[in-house]
């Protein structure tokens, strides 16, 4: 089984610097933002020179484009019942797929957003519609993947059933270009006890695979500051939270962690790194080594 391990590295200096920091940490996968994550980015087109710098940097590393994930902006709530907000969020998601496709990366992942005062079944359809619009507008090999959520408030994508309902709304002709991924912190915070036993973790992964009719296309590897069922999306270093180290070792020996990007979204030690400094973050190096140890056991 092949493990592609990486992190969401610091982007100071540009996305090409995020690539170099990942490469210098020995990573074989990577996650980045292509635009400021707290804005819609619905009108931000990526410049050709940024694309060229990104691809040149990637060529210097062991990271294949297929194992790069772009995380869409946090504010893109395509679950919203507000038509005006949905339209802008949908446009932002399409624009993200455009930017990511220009980079030639494997996938875009996104949080579905909140159903608000709306019906959850209707919300699942709105999310599927936004996915469909993006895929029809942008022809590329870059996939658009739903991320499970920690379940705070009315957020969608908390359960395997909701992920199933979202993906079921995408036309069959486009279905291969979408899918989902799982965040360990979100699973635990939403009430899936992946710490109980190896069998319990396997059962959770089985539930999602059976519901969606496919395995996850990526994992976010995060420990949880919040307790089981807390619905808190608070990531901490692996071993410093309520999940602990053991479940990550179990996960590394599950077939579904093979041949997909395994992305750490754990805290960084140095968020203020200089724009021209391509040295890897010490916490990232520590976490990558830890996951590699689990995979090698």
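State yes or no: is residue 167 without any contact (Cβ under 8 Å) to a residue 60 or more places away in the chain, more than 18 Å from the chain's Cα centre (by Cα) and crowded, with 18+ Cβ neighbours inside 10 Å?
Details: without any contact (Cβ under 8 Å) to a residue 60 or more places away in the chain: yes; more than 18 Å from the chain's Cα centre (by Cα): no; crowded, with 18+ Cβ neighbours inside 10 Å: yes.
In short, no.
Can you tell me which of 174, 182, 205 is touching a helix residue (DSSP H, G or I) at 6+ places or on another chain (Cβ under 8 Å), modelled with pLDDT of 95 or more, assigned to a strand (DSSP E or B) and under 27 Å from residue 65 (Cα atoms)?
Result of the check over 174, 182, 205: 182.
With 35, 57 as the choices, which residue is touching a residue at least 12 places away in the same chain (Cβ under 8 Å) and more than 20 Å from the chain's Cα centre (by Cα)?
57
Test of understanding: among 188, 248, 208, which residue is touching a strand residue (DSSP E or B) at 6+ places or on another chain (Cβ under 7 Å), within 27 Å of residue 100 (Cα to Cα) and in contact (Cβ under 8 Å) with a residue 12 or more places away in the chain?
208
Among the residues of region 100-114, is any crowded, with 20+ Cβ neighbours inside 10 Å, in contact (Cβ under 8 Å) with a residue 60 or more places away in the chain, part of a strand (DSSP E or B) and on the phi < 0 side of the Ramachandran plot?
Among the residues of region 100-114, at least one is crowded, with 20+ Cβ neighbours inside 10 Å, in contact (Cβ under 8 Å) with a residue 60 or more places away in the chain, part of a strand (DSSP E or B) and on the phi < 0 side of the Ramachandran plot, which makes the answer yes.
Give the residue that is nearest to residue 39 (Cα to Cα), with candidates limited to residues of region 68-84 that are surrounded by fewer than 18 Cβ atoms within 10 Å (Cβ to Cβ) and more than 14 Å from the chain's Cα centre (by Cα).
75
Please work out which one of (1) closer than 20 Å to residue 3 by Cα; (2) in contact with a helix residue (DSSP H, G or I) (Cβ under 6 Å, 6 or more places away or on another chain); (3) surrounded by 16 or more Cβ atoms within 10 Å (Cβ to Cβ) is the condition residue 198 fails and give its number.
The number of the failed condition is (3).
With the requirement that a residue be touching a strand residue (DSSP E or B) at 6+ places or on another chain (Cβ under 9 Å), more than 22 Å from residue 158 (Cβ to Cβ) and surrounded by 20 or more Cβ atoms within 10 Å (Cβ to Cβ), what does region 28-60 give you?
Those that are touching a strand residue (DSSP E or B) at 6+ places or on another chain (Cβ under 9 Å), more than 22 Å from residue 158 (Cβ to Cβ) and surrounded by 20 or more Cβ atoms within 10 Å (Cβ to Cβ): 28, 29, 30, 32, 34, 54, 58.
Can you name the condition, by its number, that residue 233 falls short on among (1) assigned to a helix (DSSP H, G or I); (2) under 17 Å from the mean Cα position of the chain (by Cα)?
(1)
Picking from 284, 276, 259, 240, which residue would you name as being at pLDDT 95 or above, out of contact with any helix residue (DSSP H, G or I) (no Cβ under 7 Å at 6 or more places or on another chain), in a helix (DSSP H, G or I) and within 30 Å of residue 12 (Cα to Cα)? So that I can check it myself, show each step before the final result.
Values: 276 fails: in a helix (DSSP H, G or I); 259 fails: in a helix (DSSP H, G or I); 240 fails: in a helix (DSSP H, G or I).
One residue alone meets the criteria, 284.
Whether any residue in region 137-151 is in contact (Cβ under 8 Å) with a residue 24 or more places away in the chain, in a helix (DSSP H, G or I) and more than 22 Å from residue 70 (Cβ to Cβ) is what I want to check.
No, that holds for no residue.
Can you name the condition, by its number, that residue 247 falls short on among (1) in a loop (DSSP other than H, G, I, E, B); (2) surrounded by 16 or more Cβ atoms within 10 Å (Cβ to Cβ)?
(1)
Does region 214-228 contain at least one residue that is under 22 Å from residue 145 (Cβ atoms), part of a helix (DSSP H, G or I), touching a residue at least 60 places away in the same chain (Cβ under 8 Å) and touching a strand residue (DSSP E or B) at 6+ places or on another chain (Cβ under 8 Å)?
No.
If residue 88 satisfies every condition in (1) part of a helix (DSSP H, G or I); (2) surrounded by 20 or more Cβ atoms within 10 Å (Cβ to Cβ); (3) out of contact with any helix residue (DSSP H, G or I) (no Cβ under 9 Å at 6 or more places or on another chain) but one, which is the exception?
It is condition (2) that residue 88 fails.
The values are calculated or read from the model by the stated rules, or taken from the named source; none is laboratory data. Keep in mind the model is a prediction, meaning the values are calculated, not measured. Don't worry about glycine lacking a Cβ; one is built from the backbone with ideal geometry, like all the others, and counts go over all protein chains shown.
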